[in-house]
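Presented below is the structure to which this report refers.
Nothing in this text is a laboratory measurement; each read-out follows from the coordinates by a stated rule. Here the structure is a predicted model, which is why all the values come from computation and not from measurement. All Cβ positions, even for glycine, are placed from backbone atoms using ideal geometry, and neighbour counts span all protein chains on display.
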Amino acid sequence: MEIIILTLILGFLLAFLILVPRLFKSDAGQSKAVKMDNIVKAPKAYTKAEVSSHDKRTDCWIIIKQKIYDVTSYVEEHPGGDAILAHAGDDSTEGFYGPQHATRVFDMIEDFYIGDLQT
């Protein structure tokens, strides 16, 4: 009986010594990945001339309140059709804040942010 208890205790200790370091290694790797995701990059600055060259359906950037958004991937999905192209490569602030847009568009636009307008 003592041998069985001793074997169980040694088994638990061995498992503990093998598994615990692996758990800590996994946590350390995950925390590094999280830290990498939290790195904040400085926004890139674009001139008005740079933005103006992106004025096509297949390459569409817009300016809203001095911020630049690459909405190329959204052009075909835009509920207003080609209205989004009216100010492609230019300032779309007035049209963006028009009554036709639901409030969800204000959250969606941040997904397309690429930088700021250089002043």
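Computed from the C-beta positions of D111 and A49, the FRET efficiency with R₀ = 25 Å rounds to 0.50.
Among 48-55, 1-8, 84-91, sorting by the average number of other beta carbon atoms lying within 10 angstrom of each residue, highest first, gives 84-91, 48-55, 1-8. Under the simplified labelling scheme, the A86-M1 pair shows an inter-label distance of 9.0 nm, with each label point 7 Å from Cα along Cα→Cβ. Positive contributions from Lys and Arg (+1) and negative ones from Asp and Glu (-1), summed over other residues with Cβ under 15 Å from the Cβ of A86, come out at -3. In nm, to one decimal, how far is the T58 label point from the D70 one, both placed 7 Å along Cα→Cβ? The answer from the label model is 1.6 nm.
Between T93 and L13, the distance separating the two model label sites (each 7 Å from Cα on the Cα→Cβ line) works out to 7.2 nm.
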